[in-house]
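No value in this document is a laboratory result; all are computed from the given coordinates. Quick caveat: nothing in here was measured; it's all calculated off a predicted structure. As a convention, Cβ positions derive from the backbone with ideal geometry for all residues, glycine included, and neighbour counts pool all protein chains shown.
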Amino acid sequence: MKSTDKHRKIIRAATKVFARKGFYNARISDIAKEAKVADGTIYLYFNNKFDILLSVFEQEIGKLIEHVNLLLGKKNSARTKLEIFITNHLEEMKKNRYLAEVIHIELRQTTKIIREYRKNAFNEYLMIIAAIIEEGQADGTFRQDILPDIAQQVVFGALDEISICWHTDSDCTYTPAEVSYQITSLLQTGLLVQAT
């Protein structure tokens, strides 16, 4: 198996283990067992458990960034871009239960670690939302008094809370498209410049 393949295999295994056990309860041996590699093999690719968690965010969130940027590049309207971002995130979180759980739980429990890691993909992902807000403000679509960095937290907070319901609540039968419409409508009503 190629080195890059083994690295990806360990990342996928770690995502599952972190989702099931939580970062602090997970052990390197749990990740090795899930990946079907020797414990020592993990240390050929990662320094420690924190390094693995950051790599999970870098690799998995990196894929989200690449995909959503491709989708956004085909659209002009800031309103449409915001809807695309929201829909894409919800669809990806519904497909990838383990990543949804890791994002939901670990961003709350290990915030200090993530914040100290300055150049990380998660911050880049959030900045896409802020850039869409700024674009809408520049063309007069979105209100000027909205602070993009606060708006990005509001948008992501809503997405994060709702996306986890597919994996924890058996009564959550809404489709990503239905949820996307609701969130987008609520947010854009608050963002839009009101006609006078």
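Rounded to the nearest 500, what is the chain's calculated 222 nm mean residue ellipticity when only DSSP H runs of at least 4 contribute -39500 (n - 2.57) each, over all residues?
Helix contribution divided over all residues of the chain: -23000 deg cm²/dmol.
Any idea what the relative contact order of the chain is, in percent, if you count C-alpha pairs under 8 Å spaced at least 6 apart? Could you put the intermediate results ahead of the total?
Values: 170 pairs, mean separation 45.6, N = 196.
Worked out over the chain, it gives 23 percent.
Could you check the spin-label model distance between residue 29 and residue 5? Points 7 Å from the Cα along Cα→Cβ, value in nm.
A separation of 2.9 nm, rounded to one decimal place.
For helix 62-72, what angle does its Cα long axis make with the longest principal axis of the chain, in degrees from 0 to 90 and rounded to 10?
The answer is roughly 30 degrees.
If packing is taken as the average number of other Cβ atoms within 10 Å across a peptide's residues, how do 62-73, 125-136 rank, most packed first? Can you show the working numbers first?
On the way: 62-73: 14.3, 125-136: 19.8.
Ranked from most to least packed, the peptides come out as 125-136, 62-73.
How much length is gained if the chain between residue 172 and residue 185 is pulled fully straight, taking 0.36 nm per residue apart and subtracting their Cα-Cα distance, in nm to one decimal?
Value of the extension gain: 2.7 nm.
Calculate how steeply helix 3-21 sits against the longest principal axis of the alpha-carbon atoms of the chain, using the helix alpha-carbon long axis, and give the answer as 0 to 90 degrees to the nearest 10.
Around 80 degrees separate the two axes.
Mind checking the alpha-carbon convex hull of the chain and giving the volume per residue in Å³?
Residue-normalised Cα hull volume stands at 129 Å³.
Run through every distinct alpha carbon pair of the stretch 2-105 and return the Kirkwood hydrodynamic radius in angstroms, one decimal place.
That comes to 14.8 Å for the stretch 2-105.
Which of the pairs 6/33; 16/95; 16/63; 63/95; 75/95; 21/95 have their Cα atoms more than 22 Å apart in this structure?
75/95
If we count every other residue with Cβ under 15 angstrom of residue 29's Cβ, Lys/Arg +1 and Asp/Glu -1, where does the sum land?
Net charge in that neighbourhood comes out at +4.
Hey, if you drop one equal point scatterer on each alpha-carbon of the stretch 61-101 and run the Debye formula without solvent, what base-10 log of I(q)/I(0) do you get at q = 0.15, 0.34 Å⁻¹?
One equal scatterer on each Cα of the stretch 61-101 leads to -0.35, -1.16.
Where does helix 148-163 land angle-wise versus the long Cα axis of the chain, in degrees 0 to 90, nearest 10?
60
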